[in-house]
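Taken together, the values in this text are just the output of simple stated rules run on the coordinates, not laboratory data. These numbers come from a predicted model, not from an experiment. Cβ placement follows ideal geometry from the backbone for every residue including glycine, while neighbour counts extend to all protein chains displayed.
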Amino acid sequence: MENYQRQYPLLAACGLNCGLCPRFHTDGASKCPGCAGEGFFTKHPSCGHLSCARRHGAQYCYECNEYPCGRFDKAVLFDSFITHRNMTADFEKVKAAGLEAYQAELNEKVEILQALLSGYDDGRRKSFFCLAVNLLALRDVKYVLEQLLSQTNPDRPIKEKAQAAVGLFQDMAENRDIMLKLRKKE
């Protein structure tokens, strides 16, 4: 499986949004190329979801006749570098709207995340922005970005712009009853 590469590594076989993961947006040795992207198997040599999906002839777990299987029982309870909360809900979106429509939405979220990281990250907000963009609906993320662009002077110090962005995202998340914090195993 070492030479296997997926055409669209931003959405993992298991349903994680790799394009919204902090490790996808990092430089250096810890950078992850996304699910079965170039060099993936050096970092993740034994991804159980990916190898299982391939064994069942599926590109994504939701395409398998056994989905949702026991692999998902505890996978959605805790987070790693990226939130696992929306894995099954995002697969439901894919089934309802189609894979191309979901990929278009994810691509748009990735572009917004890149704008946030380049214009509002003070070096301490990458994980927060990844989580916020992942958990909030696209319309809400767009609204926050519009507010930032209209309310934030581009010449302000990056620390102030980061604080403004965090505040707007936290307000939106609170309005949607979403907790912007990774859930770690105890």
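Observations on the model:
- As a length-normalised measure over Cα pairs under 8 Å and 6 or more apart, the relative contact order of the chain settles at 22 percent.
- For the chain, the mean residue ellipticity at 222 nm estimated from helices alone is -14500 deg cm²/dmol, where every DSSP H run of n ≥ 4 contributes -39500 (n - 2.57) and the total is divided by all residues, rounded to the nearest 500.
- Axial C-alpha extent at least 18 Å, average Kyte-Doolittle at least 0.0 - helices from the chain (DSSP): 99-119
- Cα centroid of segment 50-81 to Cα centroid of segment 7-39, whole Å: 17 Å
- Ranking 164, 57, 81 by how far each Cα lies toward the positive end of the dipole of the chain (charges on Cβ) leaves 81 at the top.
- Unit charges on C-beta of K, R, D, E only; dipole of the chain, Debye: 500 debye
- Shape category assigned to segment 146-186 from the gyration tensor of Cα positions, a/c cut at 1.5: oblate
- The alpha-carbon of residue 109 sits under 22 angstrom from the alpha-carbons of these lysines, leaving out residues fewer than 8 places away in its chain: 31, 93, 95, 126, 142, 161, 181.
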